[in-house]
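In what follows, a single structure is set out as structure tokens and then discussed.
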Amino acid sequence: MKVVVFAYHDIGCTGIEALLEAGYEIQAVFTHADDPGENRFFGSVAQLCAEHNLPVYSPEDVNHPLWIERIRELAPQALFSFYYRNMLKQAILDIPTVGAFNLHGSLLPAYRGRAPINWCLVNGEAETGITLHQMTAKPDAGAIVAQQAVAIADDDTAATLHDKLAALGAELIVDALARLPLAPCPQPDAGITYAAKIEKAEAPLDWRLPAIQLARQVRAFNPFPGALATYQGNAIKVWGTRLSDASGAPGTILAADKNGIVVACGEGALCLLELQKAGGKRLPVAQFLAGMPLAAGAVFDL
């Protein structure tokens, strides 16, 4: 089968590799240009395509009539979208004869949108999953082709959960392709939720909130954008924590040693285990305290 792929991020790489392993002919790959100034923590689709000698393009507007015509000339039987950031217009979705399919990192219809993994963690979900569905003009709303759940571990971060879903996604794609022609099932109207893009403005930790909520935020914002604390105006990213039974005024440091920096919250306390000063490296708490001494009684900025 001849296919055109729209892909980005690690799951984009995983999806392309799954199609190649299944013997599909990838006529073209559309991705986003790698930004040399971006703190990119994920795989490069463009680099993967170069390794496999696949034609790859990164237009600013793939929905421009010229690109639509080029895709139409390729006459693909199917389109696949794997974490591609832009919506495809109906003119593109109508081109393939078999269908256009998207891989989404949640159990649709829950968590439609740009950041399903992050918001599953923020909201303390016990499980999430991955869904292969038909693409429509409305994002993440198409009929479901295949779906698989995965448990969320207590120590999962956005990075580790993403890796789980990437591996699961590869299996899901191969299984679905083996079952062509597919029989999509419309998404139910009940249970629709949305997961908006994570913004840097959401990074600051509010010590007046319950400790468990802040712990979820730290996990959800690792590796990007990083949960943010400030001390006397100094920005500190928090990458690892554990819950504590201690209590006190929100933001107050109750203990600070090699075992962790215990900070009182609105309910309970949070023990900080891995931190990073602005412009520095991620450090375990013992090394961090060697460069930025903090002591019991000090108070983080609220």
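The values are calculated or read from the model by the stated rules, or taken from the named source; none is laboratory data. On a predicted model such as this, the values are computed, not experimentally measured, just so you know. Heads up, the Cβs are rebuilt from the backbone with ideal geometry, glycines too, and the neighbour counts pull from every protein chain shown. Note: areas computed on protein heavy atoms with side chains; ligands, DNA, RNA excluded. Shrake-Rupley method; radii C 1.70, N 1.55, O 1.52, S 1.80 Å.
Among the candidates A278, A269, which residue alone is open to solvent by 50 Å² or more (accessible area, probe 1.4 Å), within 27 Å of I198 (Cα to Cα) and of a type in the set (A, V, I, L, M, F, W, C)?
Just one listed residue meets the conditions, A278.
Only one of these conditions is not met by D140: (1) buried (at least 22 other Cβ atoms within 10 Å of the Cβ); (2) farther than 22 Å from C13 by Cα. Which number is it?
Going through the list (1) buried (at least 22 other Cβ atoms within 10 Å of the Cβ); (2) farther than 22 Å from C13 by Cα, D140 breaks only (2).
Output yes when any residue across the stretch 77-98 is in a helix (DSSP H, G or I) and touching a Pro at 6+ places or on another chain (Cβ under 9 Å), and no when none is.
Scanning the stretch 77-98, I find at least one residue that is in a helix (DSSP H, G or I) and touching a Pro at 6+ places or on another chain (Cβ under 9 Å), so the answer is yes.
Among (1) open to solvent by 60 Å² or more (accessible area, probe 1.4 Å); (2) under 30 Å from Y84 (Cβ atoms); (3) without any contact (Cβ under 8 Å) to a residue 60 or more places away in the chain, where does R216 come up short?
All conditions are met except number (3).
Can you confirm whether L132 is among the aliphatic types (A, V, I, L, M), open to solvent by less than 30 Å² (accessible area, probe 1.4 Å) and farther than 21 Å from V98 by Cβ?
no
Does the stretch 219-245 hold any residues that are touching a strand residue (DSSP E or B) at 6+ places or on another chain (Cβ under 6 Å) and open to solvent by 60 Å² or more (accessible area, probe 1.4 Å), and which are they?
K237, R242
Hey, any hits in the stretch 46-64 for a residue that's among the aliphatic types (A, V, I, L, M), at pLDDT 95 or above, part of a strand (DSSP E or B) and more than 29 Å from G226 (Cα to Cα)?
yes
Let me confirm something: among L165, L172, L121, which residue is in contact (Cβ under 8 Å) with a residue 60 or more places away in the chain, assigned to a helix (DSSP H, G or I), in contact with a helix residue (DSSP H, G or I) (Cβ under 6 Å, 6 or more places away or on another chain) and not small (G, A, S)?
Residue meeting the stated conditions: L121.
Determine which member of the set L243, L228, L270, L254 is at pLDDT 95 or above, part of a strand (DSSP E or B), in contact with a Pro (Cβ under 6 Å, 6 or more places away or on another chain) and not acidic (D, E).
L228
Run down I71, I16 and say which single residue is in a helix (DSSP H, G or I), out of contact with any Phe, Trp or Tyr (no Cβ under 8 Å at 6 or more places or on another chain), touching a residue at least 40 places away in the same chain (Cβ under 8 Å) and not small (G, A, S).
I71 is the lone residue from the list that is in a helix (DSSP H, G or I), out of contact with any Phe, Trp or Tyr (no Cβ under 8 Å at 6 or more places or on another chain), touching a residue at least 40 places away in the same chain (Cβ under 8 Å) and not small (G, A, S).
Looking at (1) more than 20 Å from the chain's Cα centre (by Cα); (2) within 15 Å of L107 (Cα to Cα), can you tell me which one V150 breaks?
Result: V150 fails condition (1) only.
Restricting the search to the stretch 57-75, which residues are open to solvent by less than 80 Å² (accessible area, probe 1.4 Å) and either within 22 Å of G169 (Cα to Cα) or among the aromatic types (F, W, Y) (or both)?
Scanning the stretch 57-75 gives a single hit, W67.
Conditions tested, residue by residue: (1) over 25 Å from N222 (Cα atoms); (2) modelled with pLDDT of 95 or more.
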position: I95; (1), (2): yes, yes
position: V98; (1), (2): yes, no
position: L107; (1), (2): no, yes
position: R112; (1), (2): no, yes
position: N118; (1), (2): no, yes
position: E125; (1), (2): no, yes
position: T128; (1), (2): no, yes
position: D140; (1), (2): no, yes
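Here are the criteria: (1) open to solvent by less than 70 Å² (accessible area, probe 1.4 Å); (2) modelled with pLDDT under 95. Tell me which single one A158 does not satisfy.
For A158, the failing item is (2).
Return the pairs, sorted by first residue and then second, in which the second residue is modelled with pLDDT of 95 or more and outside any helix (DSSP H, G or I), the first residue lies in the stretch 284-302 and is of a type in the set (D, E, K, R) and surrounded by fewer than 16 Cβ atoms within 10 Å (Cβ to Cβ), the beta carbons are less than 6 Å apart, and the residues are 6+ apart or on different chains.
Going by the 6 Å Cβ cut-off, the qualifying pairs are D301/T230.
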